[in-house]
Amino acid sequence: MRIIVAGGGTIGRQAAQRLSADGHHVTIIELSAARALSLRQLGLSAVRGDAAVLPALEAAGALRADVLAVCTGTDEENLLISFVSKRHFAIGRVIALVNDPENAWLFDQSWGVDAALSPTAALLGLIGSA
Amino acid sequence: MKVVIVGCGRTGSALAARLEAEGDDVTLLDPDESAQNRLPAGFRGRFIHGSGSSRSLLEEAGIAHAEAFAALSPSDSVNIIAARTARDFYRVPRVFSRLCDPARAPIYAELGLAAVGSVQTDVNRVHHLLHHRTLEPELTFGNGETMLVRAFVPGYLAGRRVAELNVPGEIAVVEISRAGHSSVPEGTSMLQQDDFVSFVVASGSLGRLRSFLDGTGH
């Protein structure tokens, strides 16, 4: 599959490494130039740019991508990236990270999100206080 | 009027102070607690410490009964999410937001969100001041892409027709004042020396208009 990962933090980087090892074609979009460089040094394909604007998405291959995983550390950015990529590139599956479980209600089709992932909510569930 | 403002920076705090002085019921939200220090002494509105895209805080701010909402944080993503939530989820009748990064302007437009953007306006304005000292805009439209400019007709243009000054997509003569009387001209209207003419001009075409008026153009 052709996969774009928006945000090269811990989750984005580890997902990209694993998916690349499994033979998928993965490109990361990362805002920080320093972080994009260190991702490339790990042998990953990384585009430096704002994943909420079209040029960076196009450079990362959004026109042909099957999946977009949106993993920045800011929920508002994740929603914006999901919205723009779904609207302009009709990416089949947009999966977005929910950082603050209070924002989970926003992560739906109206923002272009097909599936939302909330590690904190999952953790709370396992602890039994969700 | 009940107003909720996201962002207590220079713009948000100044707007809040003015609205409160005019008797409006103002509530601000800002994730930086010290931001409330920008509010004037004796400010009777409310300040809530936290993010403007948090549903529980927006509800605490009274968004369900707000008549107006302004998203003025320094983050486009926060402004867009807060403004869309206010308009579509809480049905706030009047919603405005600030555009920070001009590259993200299309997102506001796609969502139909009214955005006030200072960066592009400032760039256009300063660029204009640097290059076109003699033509001062009376009004600018949008983010400064077009403007209304007024100038006297120089003698050498007397006898020319309005249509000769109109450049499709760039310059349009919209009004002529002559001897204290204003009219909307036709293309065939004849210009006279000392007519005071209103032009709507694309910001990139000011130089062209100036060269017409200076007699350095064609």
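The values are calculated or read from the model by the stated rules, or taken from the named source; none is laboratory data. Only a predicted model underlies this, so the values are computations on that prediction, with no experimental measurement involved. All Cβ positions, glycine included, derive from the backbone under ideal geometry; neighbour counts span all protein chains shown.
Against the conditions (1) assigned to a loop (DSSP other than H, G, I, E, B); (2) more than 13 Å from the chain's Cα centre (by Cα), A:THR72 satisfies every one except (2).
If a residue has to be touching a Lys or Arg at 6+ places or on another chain (Cβ under 8 Å) and either assigned to a loop (DSSP other than H, G, I, E, B) or loosely packed, with under 15 Cβ neighbours inside 10 Å (or both) to count, how many in the range B:20-54 make the cut? Adding up the residues that qualify gives 1.
Within the range A:109-118, identify whether any single residue is in contact with a Lys or Arg (Cβ under 9 Å, 6 or more places away or on another chain), hydrophobic (A, V, I, L, M, F, W, C), without any contact (Cβ under 8 Å) to a residue 40 or more places away in the chain and more than 14 Å from every other protein chain (Cβ to nearest Cβ), and answer yes or no. Among the residues of the range A:109-118, at least one is in contact with a Lys or Arg (Cβ under 9 Å, 6 or more places away or on another chain), hydrophobic (A, V, I, L, M, F, W, C), without any contact (Cβ under 8 Å) to a residue 40 or more places away in the chain and more than 14 Å from every other protein chain (Cβ to nearest Cβ), which makes the answer yes.
Among the residues making up the range B:90-110, a single one is in contact (Cβ under 8 Å) with a residue 40 or more places away in the chain and either outside the structural domain of B:HIS65 (by TED's automatic domain parsing) or within 12 Å of B:VAL78 (Cβ to Cβ) (or both): B:ARG98. Of the residues B:ALA163, B:ALA179, B:ALA151, the single one that is of a type in the set (A, V, I, L, M) and on the phi > 0 side of the Ramachandran plot is B:ALA179. Only residues that are in contact with a Pro (Cβ under 8 Å, 6 or more places away or on another chain), part of a helix (DSSP H, G or I) and at pLDDT 95 or above were counted across the range A:83-120, and they come to 0.
State all residues of the range A:36-69 that are among the charged types (D, E, K, R) and surrounded by fewer than 18 Cβ atoms within 10 Å (Cβ to Cβ); if no residue qualifies, say none.
A:ARG40, A:GLU58, A:ARG64, A:ASP66
Looking only at residues that are more than 18 Å from B:GLU67 (Cβ to Cβ) and among the basic types (Lys, Arg) in the range B:81-118, which one is surrounded by the fewest Cβ atoms within 10 Å (Cβ to Cβ)? Result: B:ARG104.
Of all the numbered requirements in (1) in contact (Cβ under 8 Å) with a residue 60 or more places away in the chain; (2) more than 20 Å from the chain's Cα centre (by Cα); (3) away from chain A (no Cβ under 14 Å), B:ASN124 misses one, and that requirement is (2). For the criterion of being within 12 Å of chain A (Cβ to nearest Cβ), crowded, with 18+ Cβ neighbours inside 10 Å and part of a loop (DSSP other than H, G, I, E, B), B:SER73 passes.
Checked against (1) buried (at least 22 other Cβ atoms within 10 Å of the Cβ); (2) out of contact with any Cys (no Cβ under 8 Å at 6 or more places or on another chain); (3) not in a loop (DSSP other than H, G, I, E, B), A:LEU123 meets all criteria but (1). Among residues of the range A:1-11 being out of contact with any Asp or Glu (no Cβ under 8 Å at 6 or more places or on another chain) and closer than 11 Å to A:GLU30 by Cβ, the one that is surrounded by the most Cβ atoms within 10 Å (Cβ to Cβ) is A:ALA6.
Does the range A:61-69 contain any residue that is away from chain B (no Cβ under 14 Å) and within 23 Å of B:ASP101 (Cβ to Cβ)? Quick ask: steps written out before the conclusion?
Let us first name the residues in the range A:61-69 that are away from chain B (no Cβ under 14 Å), namely A:61-69.
Remaining after also requiring within 23 Å of B:ASP101 (Cβ to Cβ): A:62, A:68.
Yes, the range A:61-69 has at least one match.
Of all the listed residues (A:ALA36, A:ALA15), the sole one being among the aliphatic types (A, V, I, L, M), over 12 Å from the mean Cα position of the chain (by Cα) and part of a helix (DSSP H, G or I) is A:ALA36. Of the residues making up the range A:77-96, those that are over 18 Å from A:LEU63 (Cβ atoms) and within 14 Å of chain B (Cβ to nearest Cβ) number 5.
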